[in-house]
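Student: Quick one: this structure, given as structure tokens, is what I'll be asking you about.
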Amino acid sequence: MSFQSYRWAFIGWLALIVMLAVFPWLMPPVYFVSLLFTVCMYVTLATSWNLIGGYAGYLSFGHVAFFGIGAYTTALLMKGLNLSPAGTLLSSVPAGMVAMLIAVIVGYPCLRLRGPYFAVVTLCFAFVVDLGVKNLDFLGGPEGLWLKSMDLPIEAIRGILFEAMLTIMVLSIALAYWTSRSKFGAGLRAIKEDEEVAQTMAINAPRLKIQAFALSAFFPGMAGSIYAYYLTYIHTDIVFDMMISILIVLMALFGGGGTVLGPIIGAVSLTLINEGLSTFVKAELARMIYGCLFIGVIIFMPDGIIKYFKKEKGLGSV
Amino acid sequence: MMGAVYALLGVGFSLSWGVMKVINISHAAFALFAAFLAYTLLQAWGLDPILSISVSVPLLFVAACFIYRILIIRITKAKEVIVSSMILTFGIAIILENLMLLIWSPDPRVLTTSYTSKVIIMGPFYFQYPRLAGFLMAVIGVGVIQFFLKKTYIGKAVRAAWQQPDAAQLYGVNLKRISMITFGLAVASAGAGGVSMAFLYSFEPHTHNLWLIYLFLVVIVGGVGNVLGAALAGLIIGIITGLSLAFLPYQWVNLLTFGLLMIILIFRPQGLFPSEV
């Protein structure tokens, strides 16, 4: 692609972001703002999961843990320090940091494991955090925690929180874009192809993996923090729901792991499909259709939608 | 006591992981399906849960063979079979779970038979009948699978395919057929395991997530593909959870179990009893 077309692509993206940012202030029904909020949240989650899962090929099934940790950090900070609404929004930064710190601590031993073992150990990690939080009384325990909402009409609250989530989403996509073009991303791809060879090529695999894991935990932590403020009530069954973890993995793989656009497309389409299905049919039936979707994707497009269509159109390899 | 039941549940899981490199996330969901089937048969016709196995095991075997033929065979050529199989079978697990929710509603169920409250007393020990039934079923089940693998022609072919798939094929082992049978058997054994679990615990359509963790625990501690290792691991885990129940409140026991699994994974991913086939 020439420089010119890059610039047009950039302008296009910028216009899209501005349109999204303006949207909640045009007085649309609250439902649409909430829907967009959810979409942005899943795009953030899938994009950041993609750093470790898509580029490096380490499938983490425990990313919901970081999401929940972010949510609880904000709730505790708000309770403990009596934060103002603006302070609570900003507390998403320390929330992300806490998630990152925990990712480093957990990632150090766990990232030595490969393939299914890594998947299982992260799954276990999510369960351990979930059960641990549920059983500690100062974290609200089985009753959950309440957060004080802002003294504003609901449209304004949703609008503000949507802007916050949009910012996080844009940042996470920017990071993903940078990764895809940097030496860092190339190193991660090399690890996915063959870790031993990568290591002999002077790629410091353990360090890169930890960095990727920590970065991929940071944004879910922030997203969790905003989500907690959005719900104003958090409970382990909500913010540590295993389904979120699995959805993240699916969205990224559905769109195409290891690409910038893949997780975005996957998250947007799956969230909309889910929303559409659960409005029109019974929840159980909707989930069954969802299950079928998994099977269909893995059988017919094992490399995700993007690569599938690129192959179909003969646009060359990615 | 519970250990043997975990082992029966885990054996099939271990088998399909070891032989076919397929991690069957829906394994526990199939087990739960058999448990619900036993429950319905008991409610409707008063059929003993032990006898219900004669219905559920063949049913699951056939269903699994179909699933293998239609779905799993397509991903066996993928670059990362294990990962693809996890996602694929996860889809199956979701479908099964919601099917069970539709049919049986989310209420917890218990298998209540005429002998539920009966107890045998043997010296200082006393055994509850249903636990004993679950235990015996599990022991017999694991025994049958071990016998099948070591003594029958198909079982030997399965082990051959496991050690050297290409060489086994050269010696006239039909790899596709063997894989299909292995998968069928694995899922069928899950059916038996599910019914024996149902003797011990109450269950509802979401329970299979918890059972799945026990599966991973048993299989990873025992070593992937090691039938006797899984049995031993099941016993050890049964003892640990049993003992920790005496000291810890109930909700901490699961935390301990998951923590244990994490620690074992980090320090000994090959399991405590590495597979010798």
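The values are calculated or read from the model by the stated rules, or taken from the named source; none is laboratory data. Keep in mind it's a predicted model, so treat the numbers as computed, not measured. Every residue, glycine among them, receives a Cβ derived from its backbone with ideal geometry; neighbour counts consider all protein chains shown.
Student: Do we find that residue B:52 is small (Gly, Ala, Ser), surrounded by 19 or more Cβ atoms within 10 Å (Cβ to Cβ) and under 25 Å from residue B:39 (Cα atoms) in this structure? Write out each step before concluding.
Tutor: On the way: small (Gly, Ala, Ser): yes; surrounded by 19 or more Cβ atoms within 10 Å (Cβ to Cβ): yes; under 25 Å from residue B:39 (Cα atoms): yes.
Yes.
Student: State all residues of region B:92-111 that are at the interface with chain A (Cβ under 9 Å from one of its Cβ atoms) and either among the β-branched types (Val, Ile, Thr) or not in a helix (DSSP H, G or I) (or both); if no residue qualifies, say none.
Tutor: B:92, B:94, B:95
Student: Related question: Of all residues being closer than 24 Å to residue A:58 by Cβ, crowded, with 24+ Cβ neighbours inside 10 Å and of a type outside the set (Phe, Trp, Tyr) in region A:219-246, which is nearest to the other protein chains (Cβ to nearest Cβ)? Just the residue, please.
Tutor: A:245
Student: Something else: Looking only at residues that are within 14 Å of chain A (Cβ to nearest Cβ) and under 20 Å from residue B:103 (Cα atoms) in region B:194-210, which one is nearest to the chain's Cα centre (by Cα)? Show your work before the answer.
Tutor: Our first condition is that a residue be within 14 Å of chain A (Cβ to nearest Cβ); within region B:194-210, this holds for B:204-210.
Now narrow it down to the ones that are under 20 Å from residue B:103 (Cα atoms): B:204-209.
Numbers: B:204: 17, B:205: 16, B:206: 16, B:207: 13, B:208: 11, B:209: 13 Å.
Result: B:208.
Student: Only residues that are surrounded by 17 or more Cβ atoms within 10 Å (Cβ to Cβ) and either under 18 Å from residue A:286 (Cα atoms) or within 14 Å of chain B (Cβ to nearest Cβ) (or both): list them for region A:257-273, please.
Tutor: A:257, A:258, A:266, A:267, A:268, A:270, A:271
Student: On to the next question. For residue B:218, all conditions in the list (1) surrounded by fewer than 18 Cβ atoms within 10 Å (Cβ to Cβ); (2) modelled with pLDDT of 75 or more hold save one; what is the number of the exception?
Tutor: (1)
Student: Continuing with the same structure: If a residue must be in a helix (DSSP H, G or I), in contact (Cβ under 8 Å) with a residue 40 or more places away in the chain and either farther than 18 Å from residue A:253 by Cβ or more than 7 Å from every other protein chain (Cβ to nearest Cβ) (or both), how many such residues does region B:56-91 contain?
Tutor: Here the count works out to 18.
Student: Oh, and also: Looking only at region A:274-298, count how many residues are farther than 17 Å from residue B:101 by Cβ, modelled with pLDDT of 80 or more and facing another protein chain (nearest Cβ under 7 Å).
Tutor: Total satisfying the criteria: 1.
Student: Next question. Being surrounded by 17 or more Cβ atoms within 10 Å (Cβ to Cβ), within 9 Å of chain B (Cβ to nearest Cβ) and outside any helix (DSSP H, G or I) is the filter here; which residues of region A:113-140 pass it?
Tutor: A:113
Student: Can you name every residue in region A:72-112 that is assigned to a loop (DSSP other than H, G, I, E, B), more than 14 Å from every other protein chain (Cβ to nearest Cβ) and either surrounded by fewer than 20 Cβ atoms within 10 Å (Cβ to Cβ) or modelled with pLDDT of 85 or more (or both)? Give the steps one after another, and end with the answer.
Tutor: First, pick out the residues of region A:72-112 that are assigned to a loop (DSSP other than H, G, I, E, B): A:82-84, A:91, A:111-112.
If we keep only those that are more than 14 Å from every other protein chain (Cβ to nearest Cβ) too, we end up with A:82-84, A:91.
Hits for region A:72-112 are A:82, A:83, A:84.
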